[in-house]
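What follows is a set of notes on a single structure, which appears directly below.
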Amino acid sequence: MSMARTPPRALVRTTVSEQTYEDIKERIIDQTLPPGARLNIDALARELSVSSTPIREALARLEREQLVSLELYAGYSVAPPPQPEYLEGLLEFRILWEGHCALIGAPKKRPETLRALEQSYKKMRAIKRLGTKYREYRKFTDEDARFHQAIIDSAENPAMSKIYAGLHIILLQSRLYLTRSATGAPSELVLGEHERILEAFVAGDGEAAQAAIASHLEGGRSRLKRAVTG
């Protein structure tokens with residue numbers, strides 16, 4: 001199997017396993033490795049100049065994130081992107097779940113919650129260009145994921161935090177429509193929605209936080225529909 005080369009990354013302190021995972025994930029989301037492509041462990045090891053061990057570790061991790069599939073006797077392949085209906089259902093689910101956590105968590109005004117929300121919001125606000133490649137827009141989506149995880153964590157329910165983190169919601173959205181719509185600067189509308197959530201948490205107003213989250217995610221549902229229908 002031959003894969004198109006991507007530009008070299010800047011040198012960073014990371015493990016071989018982590019770098020291998022990031023390389024394969026980037027190619028899947030950018031569709032250098034398209035849906036359905038077979039992932040031969042030996043070929044990937046040669047392509048990335050690593051042993052088979054980090055390849056196996058990366059593929060197992062990517063399977064948990066629903067980016068690859070493992071079939072008996074057939075091995076690994078790139079999983080198909082989620083259907084728009086599935087993501088729309090997730091957004092409806094998130095309105096209930098995140099709203100519930102905000103209603104409980106915002107009145108607590110936990111310093112770690114406020115700090116996490118503010119840091120992620122500021123980092124999203126500082127990004128001037130999203131781009132259309134995963135390597136470019138992941139800084140925004142990573143902070144978006146941290147922002148929403150902080151909302152869940154604010155309820156101080158470890159079970160809910162763990163389950164939510166395991167859904168990899170923002171990553172799934174990236175596969176379906178961020179690659180189609182992320183071009184210029186982050187939307188002021190989206191940033192404003194995050195700002196209103198942050199303000200409600202700072203004020204300790206659970207009902208306002210719940211309403212702001214519902215408005216943000218309903219907006220996300222509308223943006224999703226526009227993105228997938230062109």
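With K and R counted +1 and D and E -1, the other residues having a Cβ less than 12 Å from that of V50 yield a net charge of -3. Computing FRET efficiency as 1/(1 + (r/R0)^6) for E118 and V190, where r is the C-beta to C-beta distance and R0 is 22 Å, gives about 0.85. Site pair L72 and K133 shows an inter-label distance of 4.1 nm when each label is modelled 7 Å from Cα along Cα→Cβ.
Rounded to the nearest 500, the 222 nm mean residue ellipticity of the chain from helices alone is -21000 deg cm²/dmol, with -39,500 (n - 2.57) taken per DSSP H run of at least 4 residues. A simple spin-label model places the labels of R110 and S52 4.4 nm from each other, with each point 7 Å out along Cα-to-Cβ. Taking the alpha carbon gyration tensor of the stretch 84-229, multiplying each eigenvalue by 5 and rooting it gives semi-axes of 24, 17, 14 Å, largest first. The simple Förster model, with R0 at 30 Å and r as the Cβ-Cβ distance, assigns S17 and E207 a FRET efficiency of 0.10.
Under 5 Å between amide hydrogens, built in the peptide plane, is the criterion, and for L39 it picks out Y76, S77, V78 among residues at least 5 positions away or on other chains.
Calculated FRET efficiency, I41 to R64, Cβ-Cβ distance, R0 = 22 Å: about 0.80 to the nearest 0.05. About the centre of its Cα atoms, the stretch 23-159 shows a dipole size close to 660 debye [charges on the beta carbon of Lys, Arg (+1) and Asp, Glu (-1) only; nearest 20 debye]. The dipole here belongs to the stretch 84-229: it is taken about the Cα centre, uses +1 on the Cβ of Lys and Arg and -1 on the Cβ of Asp and Glu, and is about 720 debye.
Annotated for the chain: lysine pairs at least 8 residues apart or interchain, Cα distance under 17 Å, count 5. Here is the P(r) of the stretch 16-78: all C-alpha pair distances, binned every 5 Å from 0, give 4, 20, 34, 29, 12, 1 in whole percents. Rounded to the nearest 20 debye, the dipole size of the stretch 16-78 about its Cα centre is 140 debye, using +1 on the Cβ of Lys and Arg and -1 on the Cβ of Asp and Glu.
Read-outs throughout are calculated quantities, based only on the coordinates presented, and are distinct from any laboratory measurement. Every value quoted in this text rests on a predicted model; they were computed, and no experiment measured them. We place every Cβ from the backbone using ideal geometry, glycine too, and count neighbours over all the protein chains shown.
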